[in-house]
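Only one structure is covered here, and it is reproduced in the block below.
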Amino acid sequence: MEFIESTLGLMRWVGFAQFKAAEEWNRERGLTPEQGRTLGWLAENPGAMQRDIARMSRTSAASVSSLLQGLEKRGLVERRSENGDDRAKRVYATPEAVALVAGAREAMLGMEDDILSPLDPAERATLHGLLRKVTDELPPLPER
C-alpha cells in the first residue's frame, strides 16, 4: 500500500475517515451525504436558488433538480415561486429538515476532534498552518 505512505495518500486517508464518519451521521438520519450537506446549507441559506445549490455542491443543475425532487417528496424541502414567476423558484428547508440536520456542525467538529485526537494543540496548529500554506498556493475551487 505504497500510495498511503505518500503525504497526499495520508491526506486522502484522513479525508476518507472524515467522509465515512459524515456518511454514518447522515445514514442515521436516512440521508445521503449530498442530502445532508444540502439540507444543512439550506437551513443556513433559506430561499436559495437552485443554481446557488449547484454552485455550493459543485454539481450540475440537473443533479440538484433530482436531489431536490427526492427531498421534496419526503417533505424536507419546499420550492416557492417568487412574485408569481415559476421560473424563479426559491428553495427552503422545512422545519422538519432543519430539526433533522440540527447539530451537524457540532457533529462534524467532534468528528474532526476525534480524527485529530493523536495530536496535541500545538501539533494541530502546526498541521493547520502547513495545510493553509499549501492550499493558499492552489488554484481556487472552480465555480459551477
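The values are calculated or read from the model by the stated rules, or taken from the named source; none is laboratory data. It should be emphasised that the depicted structure is a prediction, and the values quoted were computed from it without experimental measurement. Here Cβ is always computed from backbone atoms with ideal geometry, including for glycine, and neighbour counts include all displayed protein chains. We work out accessible area using only protein heavy atoms, side chains counted, and drop any ligands, DNA or RNA first. Shrake-Rupley method; radii C 1.70, N 1.55, O 1.52, S 1.80 Å.
So the values come out like this:
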quantity	calculated
Close pairs (7 angstrom Cβ cut-off, 6 or more residues apart or separate chains): within 17 Å of residue 21 (Cα to Cα) in the range 110-128, open to solvent by 60 Å² or more (accessible area, probe 1.4 Å) anywhere	111/18; 115/14; 115/18; 116/124
Any chance residue 12 is free of Cβ contacts under 8 Å to residues at least 12 places away in the same chain and in a helix (DSSP H, G or I)	yes
Selection count, the range 75-91, where residues are closer than 27 Å to residue 18 by Cα and either β-branched (Val, Ile, Thr) or open to solvent by 50 Å² or more (accessible area, probe 1.4 Å) (or both)	1
Test result for residue 36, more than 27 Å from residue 140 (Cβ to Cβ), in a helix (DSSP H, G or I), under 17 Å from the mean Cα position of the chain (by Cα) and among the small types (Gly, Ala, Ser)	no
Count - residues of the range 30-75 that are among the hydroxyl-bearing types (Ser, Thr, Tyr) and in contact with an Asp or Glu (Cβ under 9 Å, 6 or more places away or on another chain)	4
